[in-house]
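> Structure incoming, see below.
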Amino acid sequence: MPLYHGPDELADWCELRHYEIVRLEPGQTHRFAWMGPKEKVIVGSGRCQVRCGDRVEEAEERANLDLAGAPGAPGAPERVAHFTIARVDEPTVIVRMCGRWGEEVGGSGIFAVANITEVAERGDPAPYEKTTRFDNHWHDCDEYWIAFEGSAEVMSEGRRYPFGPGDCVATGTGHHHDVPRVIEPLRAIYFETTMLREKRRGHLWEHEHGPARPDPAKV
């Protein structure tokens with residue numbers, strides 16, 4: 001099933017191997033040990049300072065940091081074995097992701113979804129009731145959604161799942177997914193990992209891009 005309630009549940013096919021949500025208050029710090037080989041941090045809200053070896057980033061909401069230097073990574077100094085949230089200026093949410101994705105990846109960032117009164121479907125036809133503008137679509141890559149605020153019902157591989165803070169939806173290449181209904185206004189991370197097949201970026205629809213061809217090994 002594509003819904004995971006924690007990083008220990010991730011399927012073997014997932015390029016994302018670990019994720020965590022850390023909530024920090026001013027005056028706190030936090031150290032992350034490398035779990036790589038690739039590491040990514042997205043700031044869900046707030047403002048903080050991120051330190052990784054000699055690199056120092058003043059990061060605020062939507063900051064999207066790909067961190068280099070994991071032990072064993074090409075060109076990585078062995079002394080860099082962790083990265084740190086060294087200063088927190090206001091209440092901050094950090095979403096940390098690590099795994100084995102390739103060099104050419106799709107998009108990543110934050111998305112928000114809320115219910116609306118008039119639904120205009122722009123994606124592939126959805127054989128279920130919808131109360132959002134979010135489109136039913138698929139990708140030429142795997143995509144991961146990690147919720148950190150609010151809750152919703154999501155569709156992946158034709159099944160509906162409850163989705164809330166700490167949950168991860170992993171949708172394999174060619175499988176449709178959607179957010180048809182929001183319970184509380186949703187904010188979540190999206191991360192499209194290694195580009196595959198025709199390497200078309202963004203949301204793909206059968207009525208524009210042809211058959212989705214869902215990967216049967218990624219369920």
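> Going through region 103-125 one residue at a time, which ones are modelled with pLDDT of 95 or more and not polar (S, T, N, Q)? Steps first, answer last, please.
Keep residues of region 103-125 that are modelled with pLDDT of 95 or more, which gives 104-115, 124.
Those that are modelled with pLDDT of 95 or more and not polar (S, T, N, Q): Glu104, Val105, Gly106, Gly107, Gly109, Ile110, Phe111, Ala112, Val113, Ala114, Asp124.
Here is a yes/no grid of residues against (1) touching a Cys at 6+ places or on another chain (Cβ under 9 Å); (2) farther than 30 Å from Ala33 by Cα; (3) hydrophobic (A, V, I, L, M, F, W, C):
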{"residue": "Ile110", "(1), (2), (3)": "no, no, yes"}
{"residue": "Ile116", "(1), (2), (3)": "no, yes, yes"}
{"residue": "Ala126", "(1), (2), (3)": "no, yes, yes"}
{"residue": "Thr132", "(1), (2), (3)": "no, yes, no"}
{"residue": "Ala147", "(1), (2), (3)": "yes, no, yes"}
{"residue": "Pro162", "(1), (2), (3)": "no, yes, no"}
{"residue": "Val169", "(1), (2), (3)": "no, no, yes"}
{"residue": "Asp178", "(1), (2), (3)": "no, yes, no"}
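> Would region 41-63 turn up any residue that is within 15 Å of Thr193 (Cβ to Cβ) and at pLDDT 95 or above?
Initially, region 41-63 is screened for residues within 15 Å of Thr193 (Cβ to Cβ), giving 42.
Still in the list and also at pLDDT 95 or above: 42.
Scanning region 41-63 turns up at least one residue that is within 15 Å of Thr193 (Cβ to Cβ) and at pLDDT 95 or above.
> I'd like the full set of residues that are assigned to a strand (DSSP E or B) and out of contact with any Phe, Trp or Tyr (no Cβ under 6 Å at 6 or more places or on another chain), limited to region 157-177.
If we filter region 157-177 for residues that are assigned to a strand (DSSP E or B), which is where we start, we get 159-163, 168-171, 177.
Correct list: Arg159, Arg160, Tyr161, Pro162, Phe163, Thr171, His177.
> Which residue, of Arg187, Arg159, Arg133, Arg200, is within 20 Å of the chain's Cα centre (by Cα), among the basic types (Lys, Arg) and either closer than 15 Å to Tyr4 by Cα or crowded, with 22+ Cβ neighbours inside 10 Å (or both)? It would help to see each step written out before you state the result.
Details: Arg187 fails: either closer than 15 Å to Tyr4 by Cα or crowded, with 22+ Cβ neighbours inside 10 Å (or both); Arg133 fails: either closer than 15 Å to Tyr4 by Cα or crowded, with 22+ Cβ neighbours inside 10 Å (or both); Arg200 fails: either closer than 15 Å to Tyr4 by Cα or crowded, with 22+ Cβ neighbours inside 10 Å (or both).
After ruling out the rest, the residue left standing is Arg159.
The values are calculated or read from the model by the stated rules, or taken from the named source; none is laboratory data. This one's a predicted model, so the numbers in the text were calculated from it and none came from an experiment. Ideal geometry is used to build each Cβ from the backbone, glycine not excepted, and the neighbour counts take in all protein chains shown.
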